[in-house]
């Protein structure tokens, strides 16, 4: 539901260690990658990618794309966001770009200008997609036997 926050679910989520912090007034030009949670209260002119959570404070500005497990936006984003889990857009947050997320929460008075695509629980990762393709290309012994029988019937050996 828009404008309502389920505090019980927020309290059940395990807090993650913030590995990278960009403070108020700091400016970073370039792409940023971190294996842990990123918190930004300054400005980033580039793409942000982290394996865990991405938190954008009320003073934070991102001019680029964001990709993370969970994304919390209280500042301004000019770019696309890919949240593999949950994306929360607080009332002070502004997003001008497209969103891809499994779960989406938008507070009243938040600003969002773009398209949103909701993903399923089991989204295919590149590794999972490659494994699936490999498994489909490997035929089972029964399939090989059926092909051989079909070839024998058609006069092929």
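Here are the numbers for the structure shown:
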{"quantity": "Set 26, 14: member being out of contact with any helix residue (DSSP H, G or I) (no Cβ under 6 Å at 6 or more places or on another chain), exposed (fewer than 15 other Cβ atoms within 10 Å of the Cβ) and at pLDDT 95 or above", "calculated": "26"}
{"quantity": "Selection count, segment 108-119, where residues are surrounded by fewer than 17 Cβ atoms within 10 Å (Cβ to Cβ) and within 15 Å of residue 74 (Cβ to Cβ)", "calculated": "3"}
{"quantity": "Unique residue being farther than 14 Å from residue 77 by Cα, in a strand (DSSP E or B) and over 18 Å from the mean Cα position of the chain (by Cα) when the list is 38, 21", "calculated": "21"}
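The values are calculated or read from the model by the stated rules, or taken from the named source; none is laboratory data. Keep in mind that what you see is a predicted model, and the values were worked out from it rather than measured. Because the Cβ atoms are built from the backbone with ideal geometry, glycine has one as well, and the counts that use them run over all protein chains shown.
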